[in-house]
Amino acid sequence: MAGADEAPGQDARRPNHFDVVLRGYNTRQVNERVTRLEFDLRTASRERDLARAGNAELAKRLGAAEEELTSLRERVRKLADEPLTGENVNERVRMMMDLAAEEIAEQRGAAERELVEQRAELQQRRVQLERKYNEHNDSLDREYDELKAKLNREHEQLMNRARAEAAKVTRFAEERAALTIREADEHARQQNAAADEHMARMAALHNEFRDRLVVARSTAQQAVAELARMVEE
């Protein structure tokens with residue numbers, strides 16, 4: 001029972017919380033807490049079995065004592081029924097019978113007291129273990145609820161950060177797309193302007209060439225006419 005008495009004191013010095021790691025509580029500490037609880041339950045079961053075995057042994061001893069007392073009483077009754085003689089009613093026999101009855105009564109009383117003490121001790125131990133078990137369960141329930149709430153908060157925070165990051169990426173993509181569209185429009189406008197300028201230069205050159213061609217034709221016609229006139233003269 002000494003080991004069982006030391007267990008609650010040792011457990012009382014243990015922290016009532018787990019270290020928080022990246023994804024919740026420390027798994028090793030949770031496993032240690034559960035292992036400790038299972039050890040306490042196994043210890044209680046062994047003590048219960050030992051107490052039951054002790055109770056059975058005490059009951060067996062009480063039964064044997066009662067049988068012996070009954071046998072002695074039967075012998076006394078038979079002696080009382082027999083005719084009184086110097087052999088069966090001498091003082092020494094009566095004293096031995098009285099001493100035997102007293103010894104049996106003492107053994108029976110001691111066995112009954114020991115049985116009562118063991119039952120009281122077993123009941124006290126059972127109450128202590130039940131209270132400790134309930135405290136462990138309540139502590140684990142609280143830690144589970146706290147861990148669940150913490151994980152829910154972390155999940156919500158992660159989702160909020162993910163939504164904010166997605167919105168940021170979307171805004172950046174939209175701004176980049178708008179800038180690309182503006183750059184493409186500006187490039188197209190510049191290309192159109194360059195094409196218009198080129199067409200204007202080509203039209204001007206065409207007009208200039210056409211004017212020169214007209215002048216050249218006119219000059220050539222005048223020269224031909226002048227030659228024809230000179231030939232006729």
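Numbers at a glance
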quantity: Criterion: at pLDDT below 85, surrounded by 13 or more Cβ atoms within 10 Å (Cβ to Cβ) and out of contact with any strand residue (DSSP E or B) (no Cβ under 7 Å at 6 or more places or on another chain) - qualifying residue of Arg92, Arg108; calculated: Arg108
quantity: Test: Ala80 is of a type outside the set (Val, Ile, Thr) and modelled with pLDDT of 70 or more; calculated: no
quantity: Residue among Ala177, Ala193, Ala164, Ala184 that alone is among the small types (Gly, Ala, Ser) and either modelled with pLDDT of 90 or more or touching a Pro at 6+ places or on another chain (Cβ under 8 Å) (or both); calculated: Ala164
quantity: The one condition in (1) of a type in the set (Val, Ile, Thr); (2) at pLDDT below 85; (3) surrounded by 10 or more Cβ atoms within 10 Å (Cβ to Cβ) that Val231 fails to fulfil; calculated: (3)
quantity: Any chance Tyr144 is surrounded by 14 or more Cβ atoms within 10 Å (Cβ to Cβ), among the hydroxyl-bearing types (Ser, Thr, Tyr) and modelled with pLDDT of 70 or more; calculated: no
quantity: Qualifying residue in region 151-170 (condition: surrounded by 10 or more Cβ atoms within 10 Å (Cβ to Cβ), in contact (Cβ under 8 Å) with a residue 60 or more places away in the chain and farther than 30 Å from Arg42 by Cβ); calculated: yes
quantity: Long-range neighbours under 7 Å by Cβ, at least six apart or interchain, first residue in contact (Cβ under 8 Å) with a residue 40 or more places away in the chain and farther than 15 Å from Lys60 by Cα within region 110-125, second surrounded by 14 or more Cβ atoms within 10 Å (Cβ to Cβ) and of a type outside the set (A, V, I, L, M); calculated: Gln118/Gly54; Gln118/Asn55; Leu122/Arg48; Arg125/Glu47
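The values are calculated or read from the model by the stated rules, or taken from the named source; none is laboratory data. Owing to the predicted nature of the structure, the values given are computational and were not obtained by experimental measurement. FYI the Cβ positions are ideal-geometry reconstructions off the backbone, even for glycines, and counts take in every protein chain you see.
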